[in-house]
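Below is one structure, written out as structure tokens; the observations come after it.
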Amino acid sequence: MQKNVLEYLENIINKVPDKTAYADDTTQITFKEAYNYSRSIGTYLYKQGHTKEPVVVFMGRSPNTIVAYFGVVYSGCYYVPIDEEMPRHRIELIFKDLSPSAVICDRETHASLESYGYNGNVYLYEDALQAEADEDILSSVRKKQLDIDPLYIVFTSGSTGMPKGVAACHRSVIDYIEGLCEILQINENTVFGNQTPLYVDACLKELYPTLKYGATAYIIPKSLFMFPLKLVAFLNEYKINTICWVVSALTMISAFGVLQKDPPKYLHTIAFGSEVFPIRQFNLWRKHLPDARFVNLYGPTEATGMCCYYEAVREFNPDEVIPIGKPFPNTEIILLNEDNQVPEQGGVGEICVRGTRLSLGYYNSFEKTREVFVQNPLNPCYPDLIYRTGDLGRYNEKGELLFVSRKDNQIKHMGHRIELGEIEAAANMHPGVKIACCIYDDRKNKIVLFYVGSVTTAEMAQFMKSKLPRYMVPNLLKNLDTMPLTTNGKIDRVALKSSVSK
Amino acid sequence: METLLEILEELHPDVDFENCETLIDDKILDSFDIVTLVGEISDEFDITIPVEEIVPKNFNSAKALYALIERLIEEE
């Protein structure tokens, strides 16, 4: 039985050693190269004394970064991606949370790393590659690796302002990848076009299926997602046939009429998720790519990648939502109402996930982990964990699961999962801000920050950009004289929300 | 031009749109901004920006963007 994700790589190099595994517009890496380079990096890290610990990978969005991840795993460690897109404040928080003793960076990120006050070991990717792979070391490391050991830690938004590191193990990722490949019908002819950053679990969809089948994954430059014609030209140039994108990237193409003018020629599998797909846009896609498969995916990082899927084969009316469907193989979804009971048919309940896919929890935070990774209340007999997503769902008449809303102030914006509380916490760090409140304008898809204090919106914008990743920076800032309050003295979010949606 | 600057400044109050000529090159605008701008410009000026015009050179500065708007108004 497979117990390590690297077995995908070790199996495939005998079949298609010289095929391109990962590429972008400047770099190409074959399976054999990925194997050789990552074994070198693994040996190098191990010889520097690193095994069974987190190793931060601080590199750009490139095929080399993926090789660095595998290298970290070969050393017996687990990778923690950070990215130049993250602002200084967030990177500092992550370093503080992890206290890593090793960071791998490339020549570009090396210079900026020095300014974070990080005192541990720093290794250049280019240097680590030069090491000679040592078979004895690598095989003894592997013998000590269990499938329940962490593979990675990725950071997700935390409502108090502290990002949470979700750790996932090999077993969960293998379970996910096996199910995903079956659902998306991945094979050796698959050509992926990656849209998501490499520092979130979303990129698992391209990384490991590519290894399993000897497929190819192209990393699409982020700048192309601003210019739809160029984006489709890229898809056609590299004959990309499979994409797993956030909805906003797909609607960028359909809303500007590119499907009529210059449709993607090779696309046959389109997976999407993280956001509601506006039906008018979805129908445009279906109309212009009638032979393609469209699959809605749903899942929180805490349950490793995606845990529900729905193949959208029927017509949808503009007032309908595309279901999130049914659970992945070897995964169970339980709906629980406020009394921890299963609601009646059609009733709303919190979506809870059960299965091998549950991640290990939040790194360095047993307390936060125990709040949401809890004993299955329907099973009083033996330990049986479920993850409470905080998402509310219900089943329609066809027995398909629908996403209804969030229980709290978490939102999805441009496919990113964001806690509005984290944005408020950042705003409150400004000494001139007396009170701040953040809401999401669903109609215009804008994050709106209201604040009281003697700070200009220009100053505030700059401050927010220094504290938060770009995708979390408010799209509209409103400096108020007073904050509207409810009769209980709480901030009146409803009043704020209606003030922008007028 | 005033109206355009207002739209831009609402999105990024901290950017000097009158003088900046590297809005795309320096990653000041992102894909969310482009979608929002195209929508708000279409509404405000009552024009349609064809997809062929959604290219970096038209969005690199407020001046370039305004020239595009004027050109599209004339063509209508």
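Summary of values
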| read-out | value |
| --- | --- |
| Exclusive hit being at pLDDT below 95 and over 20 Å from the mean Cα position of the chain (by Cα), set A:321, A:342 | A:321 |
| Sole exception among (1) more than 8 Å from every other protein chain (Cβ to nearest Cβ); (2) without any contact (Cβ under 8 Å) to a residue 60 or more places away in the chain; (3) crowded, with 18+ Cβ neighbours inside 10 Å for residue B:73, by number | (3) |
| Qualifying residue in the stretch A:251-266 (condition: away from chain B (no Cβ under 12 Å) and hydrophobic (A, V, I, L, M, F, W, C)) | no |
| Qualifying strands (runs of 3 or more DSSP E) (wholly inside the stretch A:240-334; at least 1 residues being surrounded by fewer than 17 Cβ atoms within 10 Å (Cβ to Cβ) and not hydroxyl-bearing (Ser, Thr, Tyr)) | A:308-311 |
| Filtered residue count, the stretch A:360-389, keeping only those that are farther than 14 Å from residue A:167 by Cβ and either of a type in the set (Ser, Thr, Tyr) or modelled with pLDDT under 95 (or both) | 2 |
| Enumeration of residues in the stretch A:246-256 that are touching a Ser or Thr at 6+ places or on another chain (Cβ under 9 Å) and without any contact (Cβ under 8 Å) to a residue 60 or more places away in the chain | A:252 |
| Enumeration of residues in the stretch A:233-248 that are under 23 Å from the mean Cα position of the chain (by Cα), over 12 Å from residue A:271 (Cβ atoms) and within 12 Å of another protein chain (Cβ to nearest Cβ) | A:248 |
| Selection from the stretch B:56-69 of residues that are within 15 Å of residue B:33 (Cβ to Cβ) and among the hydrophobic types (A, V, I, L, M, F, W, C) | B:59, B:62, B:64, B:65 |
| Residue tally, condition touching a residue at least 24 places away in the same chain (Cβ under 8 Å), of a type in the set (Gly, Ala, Ser) and either within 9 Å of another protein chain (Cβ to nearest Cβ) or in a loop (DSSP other than H, G, I, E, B) (or both), over the stretch B:8-65 | 1 |
| Any pair with Cβ under 6 angstrom, 6 or more apart, that starts in the stretch A:273-287 at a residue that is under 22 Å from residue A:305 (Cβ atoms) and ends at one that is of a type in the set (Val, Ile, Thr) and part of a helix (DSSP H, G or I) | A:275/A:247; A:277/A:247 |
| Search result, residues across the stretch A:178-212 that are closer than 14 Å to residue A:5 by Cβ and in contact (Cβ under 8 Å) with a residue 40 or more places away in the chain | A:178, A:180, A:201, A:204, A:205, A:207, A:208, A:210, A:211, A:212 |
| Any helices (runs of 4 or more DSSP H) falling wholly within the stretch A:363-480 and containing at least 3 residues that are away from chain B (no Cβ under 14 Å) | A:366-372, A:420-428 |
| Residues that are touching a residue at least 60 places away in the same chain (Cβ under 8 Å) and farther than 12 Å from residue A:68 by Cα, drawn from the stretch A:12-42 | A:12, A:15, A:16, A:19, A:20, A:21, A:22, A:23, A:24, A:25, A:31 |
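Matching residues to (1) outside the structural domain of residue A:479 (by TED's automatic domain parsing); (2) in contact (Cβ under 8 Å) with a residue 24 or more places away in the chain:
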site	(1), (2)
A:394	yes, yes
A:401	yes, yes
A:416	no, yes
A:426	no, yes
A:430	no, yes
A:450	no, yes
A:453	no, yes
A:456	no, no
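The values are calculated or read from the model by the stated rules, or taken from the named source; none is laboratory data. Please read these numbers as outputs of a predicted model, since none were measured by experiment. So basically every Cβ, Gly included, is an ideal-geometry build from the backbone, and we count neighbours across all protein chains shown.
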